[in-house]
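Let me begin by presenting the structure, written as structure tokens, before commenting on it.
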Amino acid sequence: MLAAVLLIIFLLVVIVGVPISFAMGFMTISAFTIGNGAMVIIPQKMFSGVYNFTYMCIPLFILASEIMSRCGLTMSIVKFCDTLVGHIRGGLAHVNILASMLFAGISGSATADASGLGRIEMEMMTKAGYTKEYSAAVTAASAIIGPIIPPSNIMIIYAVCASNVSVSAMFLGGIMPGIVLGLAEMLLCYYFARKYNHPCRARRSSAREVLHSFKRSLPALGLPIIILGGIVSGVFTATESSAVAVFYALIVAVCKRQITWKSLVECCKNTAKTTANVMLIISIASAMSYAITVLRIPQAMVEVCMKYVNSPAVFLLLVNLILLILGCVLDQSPALLMMTPILLPIAMKYGIDPVHFGVLCCFNLTVGLISPPIGMTLFVTANVAKVKLTDLFKQIIPFVLVGLAVLILITWVPALTTFIPNLFS
């Protein structure tokens, strides 16, 4: 009952238009007031929440992405993908998705993909004869692969919240689901291409053209290879890999002569702004997690679930429903920070693998980014593409259904998320 009251308070504040971080703060103060807690604990918990070495990954991965984007390497990725799949019916839609899968290894952000790489992809598609609405839908759908394929900021946040899960395991666990989602979206695009006679490149690229394009994109493709290779081989940890990523990005930028002191300062400014937003949410969510723990809300929910939910399968179905609803309203980071302390203990009681559960939660909330009516990535994509949100909603629904189908597959086949982490454990 208490959890429902706090959730209603939070949702009402959000609906009024208060920013997520402030709404979470209001909910935290309400929880402390109800529980007669000392308000002086709030700033203490906010500070301790971000005082974690693992969170160093977040600003460093963001900075590496900023530098690589500043070098203009996004276009080289698009051209390489075009030589690989541009000849297939609906070629540029496939290029869009494949490029997002590769760019995910650099940015790890759906917003960065939609606003950066997506702008290039949508221009190419509309010039080739695709409608603006369909181009925007493909871009939004492919952008959500970014937070699944490593590196991923939300997986770092989950790993810290879970405490007994390593960031490396979460990164490795996201590889297969990200690839499956990309392939599923490409199949859908192929169906639409056959149905609506979408264009494609007249001829297949020769092996020489593919090799030449690959060489030009190698500096961009090298970053995810170095990150995953270093983590898997044990040369460095996931946190250390973020520093290596920045160092590598700077070397590439200097070698290509695509960066100046002025542009480097701009990259640092953008990184600082993005990091500040994320860290504010994390700090407030830490205080909120403490408050709901003191009020014994997680324990109460565990007792209810253990009483009425009689199997892990039913519990995972319930989790999917809860997170899908939250994912349509909230951004991924606050939703994870709110729900992980509540849901993970229950999952552990049912013997569910924490890596499987974590990837499931992250994937679920990621699908929420493109789910009407409030999917965050839809707003970004509609703004970049200059299309009406209502028109984009109609085009995105099939991609949401594909995302839900892959989510069900991940739910019932844990090996998709645990195979690679177990292989390298």
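A few comments on the model shown:
- Projecting label points 7 angstrom from Cα along Cα→Cβ for K273 and Y191 puts them 3.9 nm apart.
- GNM top mover of N320, N96, N197 - the chain, alpha-carbon springs below 10 Å: N197
- Shape annotation for the range 46-160: C-alpha extents along the principal axes are 53, 26, 19 Å, from largest to smallest.
- The range 10-80, Cα convex hull volume normalised per residue, Å³: 153
- Label-to-label distance for L401 and E123 is 3.4 nm, based on points extended 7 Å past Cα in the beta-carbon direction.
- Sequentially through the range 273-279, phi angles give Karplus couplings (6.51, -1.76, 1.60; θ = phi - 60°) of 5, 5, 5, 4, 4, 5, 5 Hz, Gly and Pro residues having no value and appearing as x.
- Residue-wise HN-Hα coupling along the range 415-425, computed from phi with Karplus coefficients 6.51, -1.76, 1.60 (Hz; x: Gly, Pro): 4, 4, 9, 9, 4, 5, x, 5, 5, 10, 6
- The angle separating the long axis of helix 91-103 from the principal Cα axis of greatest extent in the chain is about 50 degrees.
- Residue-wise HN-Hα couplings along the range 357-372, as the Karplus relation 6.51 cos²θ - 1.76 cosθ + 1.60 with θ = phi - 60° gives them from phi, are 5, x, 5, 4, 4, 4, 5, 4, 5, 5, 4, x, 5, 10, 8, x Hz; Gly and Pro carry x.
- Subtracting the Cα-Cα distance of L12 and E266 from their residue separation scaled by 0.36 nm leaves 87.7 nm.
- Remark: the chain carries a charge dipole of roughly 1080 debye about the Cα centre, counting +1 on each Lys and Arg Cβ and -1 on each Asp and Glu Cβ.
- In the chain, the DSSP-assigned H stretches of four residues or longer account for a calculated mean residue ellipticity at 222 nm of -25500 deg cm²/dmol, using -39500 (n - 2.57) per stretch and the full residue count as denominator.
- Taking 7 Å steps out from each Cα toward its Cβ at F424 and I179 produces label points 1.2 nm apart.
- Rounded percent of accessible protein surface that carbon and sulfur make up, the chain, 1.4 Å probe: 68
- Most positive-pole-ward Cα, I284, A128, F103, against dipole of the chain from beta carbon charges: A128
- At the listed q of 0.06, 0.08, 0.13 Å⁻¹, the Debye profile of the chain, built from one uniform point per Cα, gives log10 I(q)/I(0) equal to -0.24, -0.43, -1.16.
- Here the range 147-283 was treated as a single set of alpha-carbon atoms; its pair distances binned every 5 Å from 0 give 2, 8, 11, 14, 17, 16, 13, 10, 7, 3, 0 percent.
- Accessible area, probe 1.4 Å, largest first, for residues E123, E266: E123, E266
- Largest-first ordering by accessible area, 1.4 Å probe, given options M101, M68: M101, M68
- With semi-axes defined as the square roots of five times the eigenvalues of the C-alpha gyration tensor, the equivalent ellipsoid of the range 353-425 measures 31, 12, 9 Å, largest first.
- With the convex hull of its Cα atoms as the shape, the range 200-358 has an orientation-averaged projected area of 15.5 nm².
- Neighbours of A272, meaning other residues whose beta-carbon lies under 14 angstrom from its beta-carbon, give a summed charge of 0 when Lys and Arg score +1 and Asp and Glu score -1.
- Label point 7 Å beyond Cα of H87 along Cβ direction - residues of the range 193-223 with amide nitrogen under 19 Å: 194, 198-215
- Probe 1.4 Å, accessible area per residue of the chain, Å²: 44
- Among G72, G146, G17, the largest mean-square fluctuation in a Gaussian network model of the chain, built with springs joining Cα atoms closer than 10 Å, belongs to G17.
- Residues K195, K45, sorted by accessible area with the largest first, give K195, K45 [1.4 Å probe; ligands and nucleic acids excluded].
- Contour excess over end-to-end distance, with Cα ends at L218 and N310 and 0.36 nm allotted per residue: 28.0 nm
- Measuring between their Cα centroids, the range 17-90 and the range 129-181 lie 13 Å from each other.
- Of K215/K388; K269/K386; K79/K132; K79/K195; K262/K394, those spanning more than 32 Å from alpha-carbon to alpha-carbon: K215/K388; K262/K394
- With contacts taken as Cα pairs under 8 Å at a separation of at least 6 residues, the chain carries a relative contact order of 26 percent.
The values are calculated or read from the model by the stated rules, or taken from the named source; none is laboratory data. From a predicted model like this one, the values you see are computed outputs, not experimental measurements. Because the Cβ atoms are built from the backbone with ideal geometry, glycine has one as well, and the counts that use them run over all protein chains shown. Heavy atoms of the whole protein, side chains included, go into the accessibility calculation; ligands, DNA and RNA do not. Shrake-Rupley method; radii C 1.70, N 1.55, O 1.52, S 1.80 Å.
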